[in-house]
Protein chains: 2
Amino acid sequence: MKPVIVVHGGAGRIFKEREQGSRDGVVRAALRGYGILKQGGSALDAVEEAVRSMEDDPHFNAGCGSVLNEKGEVEMDAIIMDGKNLDSGAVSAVKCIANPIKLARLVMEKTKHMLLTDHGAHLFAQAMGIPETPGEKLITERSRERWKKNLEADSNPEEFQKDLGTVGAVAIDSEGNVACATSTGGLSNKLVGRVGDTACIGSGGYADNHSGATSTTGHGESIMKVVLARLILYHMEQGMSPEMAADTALDYMKARVGGLGGVIVVNNSGEWAARFSTKQMSWATVKDDQLHYGIYAGERHTKSVDEALASGSGGF
Amino acid sequence: MKPVIVVHGGAGRIFKEREQGSRDGVVRAALRGYGILKQGGSALDAVEEAVRSMEDDPHFNAGCGSVLNEKGEVEMDAIIMDGKNLDSGAVSAVKCIANPIKLARLVMEKTKHMLLTDHGAHLFAQAMGIPETPGEKLITERSRERWKKNLEADSNPEEFQKDLGTVGAVAIDSEGNVACATSTGGLSNKLVGRVGDTACIGSGGYADNHSGATSTTGHGESIMKVVLARLILYHMEQGMSPEMAADTALDYMKARVGGLGGVIVVNNSGEWAARFSTKQMSWATVKDDQLHYGIYAGERHTKSVDEALASGSGGF
């Protein structure tokens, strides 16, 4: 099996001044994940590495750069899933951790559970020796500005919600195993303790070697209502291509509950899709040593991996 | 549409000395929920009332009577879902609250979110004026004994996990709306902050007027791996009866991830099922003014509602 990785940096509205950073960030993440796959690494390692790269990148709403809750704090959700055995690990409402996706993987590998939340997740991180990152270090100037603006009497919070930026990755490795990973800071000015789709298996992501893997982004509550990730894989089990499954599920979400979003998908033959009903979604994929990426509907740039690595300013 | 309610008091092993209490508890809950439906009340009100009745009953692992986590505390999860619009509310890892299902419903009705966890859920409960119940009041002598036994060096925690007792209800009302509700104390001696299937939409429950409603119980992590509730409704969307959809999904969970559990289901024609792959599951249903209930596979007692109400010692 030829390895494939697809990543997204969030569906919604991407402000003009952030387009280049978003493009660079998803390209870097895809190339890093692909590097692992090319060396015979697992889909699980590849998606974790890709997501971790975007958590560390302040352009995205995950890890450093996460949006702030109503109290001005960062609270993050993340999930990772192994399509081989349906094992999964997730964390919800975690603070003061640089890489929630790493903690989610430890939940999967070191406990009998699948989801740890808030205080308990914090205790678990301590037990695993994960260093505490001061909350301030995860907050960018931009996140704080947005938070303040939303508190103003004449703010339009709906407008701000459109600038999402959850990150995710799906991959298939040389052994045919699929995996997914998703990580987010959630909704701007959310209530303390709000958990969205990302931490909920079947909503924020799902991976099954029998069909494929998917990671979702967009309006979390709508994604949860239709259990979007699992819905896409059902459509693929019924014979749909990743692209058709993604479009059918996104159309259904819009028609049934009025929600917009985006998804990345890979099936167990290595076919992939990056589709969205929002105005934009930053995405990148690598297959057959070719990099493809875009942000707007219909936009698709292609480069060889060698060319991308040579031109990459971000230490791809 | 003739209203129907189905409730469960948990799948797993029900110790002999608790059988009568479990039977009485599910019968009482079903009759209470049915009482609401008969007066023209909504499926949502009926399932909330049925679950609340079992949360207040120390025979079940939900509300008062919840099992304890590794630190000897009660931490509870609950979800409620409205099949009309796919709205849902849930809470995870909440403490010191008598009725988590009530809080889940407030999340659905009073916020733009669907899931609040731990500290944030506690703040929300305070804001809603829900009185704090001292943690001790939710702990029964039996829960504490089990917790202590599990801490002993020669304990067999696997054995104890089989005595589950999550509670749930599904209903269809006279207007054809379906709803589900599920509430649990989770796994005995779980890690602090462990969230199971109950709080995850699509795993612990799902309701959709287009097909029906279901509530699940059993090994939470297995239920999450297969997103069991949503799976059952997919089968029904493909034309299966509630019973066949339940059995097919439970068989799949056993074959694919080795997990056992139980489910209650109602479809949008009012057909129902209560099925389990565990040794036992306490369940009760009322349809056409007839009460049916049981605990063992194949066990099914039938009474008229009038007879049940007349003989009910528990103030049905």
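So here's what we get for this one:
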quantity	calculated
Test: residue in the stretch A:36-55 that is on the phi < 0 side of the Ramachandran plot, within 14 Å of chain B (Cβ to nearest Cβ) and small (Gly, Ala, Ser)	no
Residue in the stretch B:2-16 that is assigned to a helix (DSSP H, G or I) and farther than 17 Å from B:ALA284 by Cβ present	yes
In the stretch B:187-235, the residues that are more than 8 Å from every other protein chain (Cβ to nearest Cβ), part of a loop (DSSP other than H, G, I, E, B) and either closer than 18 Å to B:LEU250 by Cβ or open to solvent by less than 10 Å² (accessible area, probe 1.4 Å) (or both)	B:SER188, B:GLY204, B:SER211, B:HIS219
Residue check for A:GLU73: more than 30 Å from B:GLY218 (Cα to Cα) and either among the basic types (Lys, Arg) or outside any loop (DSSP other than H, G, I, E, B) (or both)	no
Matching residues in the stretch A:82-94 - criterion: being open to solvent by 10 Å² or more (accessible area, probe 1.4 Å), more than 9 Å from every other protein chain (Cβ to nearest Cβ) and touching a helix residue (DSSP H, G or I) at 6+ places or on another chain (Cβ under 7 Å)	A:ASP82
B:GLN280 surrounded by fewer than 14 Cβ atoms within 10 Å (Cβ to Cβ) and touching a Lys or Arg at 6+ places or on another chain (Cβ under 8 Å)	no
Flag if A:ARG256 is touching a residue at least 24 places away in the same chain (Cβ under 8 Å), within 11 Å of another protein chain (Cβ to nearest Cβ) and surrounded by fewer than 22 Cβ atoms within 10 Å (Cβ to Cβ)	yes
The stretch A:83-127: number of residues that are over 21 Å from A:LEU187 (Cα atoms) and in contact (Cβ under 8 Å) with a residue 60 or more places away in the chain	6
First in the stretch A:167-178 and among the aliphatic types (A, V, I, L, M), second anywhere and in a loop (DSSP other than H, G, I, E, B), Cβ under 6 Å, 6 or more apart	A:VAL167/A:PHE60; A:VAL167/A:ALA62; A:ILE172/A:GLY270; A:VAL178/A:GLY83; A:VAL178/A:ASN209
Meets criteria (open to solvent by 30 Å² or more (accessible area, probe 1.4 Å), without any contact (Cβ under 8 Å) to a residue 24 or more places away in the chain and in contact with an Asp or Glu (Cβ under 8 Å, 6 or more places away or on another chain)) for A:SER269	no
Verdict on A:VAL178 being within 9 Å of chain B (Cβ to nearest Cβ) and either surrounded by fewer than 22 Cβ atoms within 10 Å (Cβ to Cβ) or among the hydrophobic types (A, V, I, L, M, F, W, C) (or both)	no
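A quick yes/no check of all residues on (1) at pLDDT below 95; (2) part of a loop (DSSP other than H, G, I, E, B); (3) buried (at least 24 other Cβ atoms within 10 Å of the Cβ):
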residue: B:CYS64; (1), (2), (3): no, yes, no
residue: B:ASP77; (1), (2), (3): no, no, yes
residue: B:ILE80; (1), (2), (3): no, no, yes
residue: B:LEU103; (1), (2), (3): no, no, yes
residue: B:HIS113; (1), (2), (3): no, yes, no
residue: B:LEU116; (1), (2), (3): no, no, yes
residue: B:GLN126; (1), (2), (3): no, no, no
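The values are calculated or read from the model by the stated rules, or taken from the named source; none is laboratory data. The model shown is predicted, which means the values in this text are computed figures rather than measured ones. Here the Cβ is made from the backbone with ideal geometry for all residues, glycine too, and neighbour counts use every protein chain on show. Just the protein is used for accessible areas: all its heavy atoms, side chains included, with ligands, DNA and RNA removed. Shrake-Rupley method; radii C 1.70, N 1.55, O 1.52, S 1.80 Å.
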